[in-house]
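Notes for the one structure printed next.
The values are calculated or read from the model by the stated rules, or taken from the named source; none is laboratory data. Keep in mind that what you see is a predicted model, and the values were worked out from it rather than measured. Here the Cβ positions follow ideal geometry from the backbone for every residue, glycine too, while neighbour counts run over all protein chains shown.
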Amino acid sequence: MFCVLIFIIATGAMGYIGNYAVTNGNPDLIMTPYDATGAYCGRSPGYENYPYLWFENLDSPVWFAYSVCVSACPTNETLTADCKLTPNSIVTTCDPQPGPYSSQLFLNRWCMPIYETLPPSL
């Protein structure tokens with residue numbers, strides 16, 4: 001009986017914390033992508049016109065270190081992306097590395113590479 005009481009108290013506390021978080025927080029930020037500098041794509045000041053996350057360097061084992069916010073997902077026709085570069089970012093150019101590749105929008109937030117368009121080195 002004691003364990004049931006502890007379970008009911010824990011469930012009630014979890015419900016209270018969940019309700020408090022939803023009413024006082026911004027749950028949409030959980031799925032909002034952010035670039036290598038920590039700025040939220042489409043939400044941070046100056047990033048309103050760059051709502052999608054794109055990975056500039058696919059040759060690196062850590063893609064998120066080379067992530068930038070872009071206005072549209074780049075394709076093979078566009079050699080560079082319209083991205084938001086920041087001074088403290090390790091991404092210094094919007095040229096895809098190791099070569100141009102096409103990407104498509106995933107969940108209306110991320111520009112994911114299309115496998116068939118990747119350079120042979122990958």
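Of all residue pairs spaced 6 or more apart or on separate chains, those with beta-carbon atoms under 8 Å, a first member in the stretch 111-122 that is small (Gly, Ala, Ser) and a second member that is surrounded by 13 or more Cβ atoms within 10 Å (Cβ to Cβ) are Ser121/Asp59; Ser121/Pro98; Ser121/Gly99.
Okay, residues lined up against (1) β-branched (Val, Ile, Thr); (2) in contact (Cβ under 8 Å) with a residue 60 or more places away in the chain; (3) closer than 30 Å to Pro120 by Cβ:
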residue: Cys3; (1), (2), (3): no, no, no
residue: Thr23; (1), (2), (3): yes, no, no
residue: Asp35; (1), (2), (3): no, no, yes
residue: Gly46; (1), (2), (3): no, no, no
residue: Val68; (1), (2), (3): yes, no, yes
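Given the criteria over 16 Å from the mean Cα position of the chain (by Cα) and either of a type outside the set (A, V, I, L, M) or at pLDDT below 85 (or both), does Asn57 qualify? Here the answer is no, as Asn57 does not meet what is asked. Within the stretch 15-66, the set of residues being part of a helix (DSSP H, G or I) and of a type in the set (Gly, Ala, Ser) comprises Gly15, Gly18, Ala21, Ala65. If you check Tyr101, Tyr66, Tyr115 for being at pLDDT 80 or above and surrounded by 12 or more Cβ atoms within 10 Å (Cβ to Cβ), only one passes: Tyr66. Is it fair to say Ala81 is touching a Cys at 6+ places or on another chain (Cβ under 6 Å) and either outside any helix (DSSP H, G or I) or closer than 15 Å to Cys111 by Cβ (or both)? It is true that Ala81 is touching a Cys at 6+ places or on another chain (Cβ under 6 Å) and either outside any helix (DSSP H, G or I) or closer than 15 Å to Cys111 by Cβ (or both).
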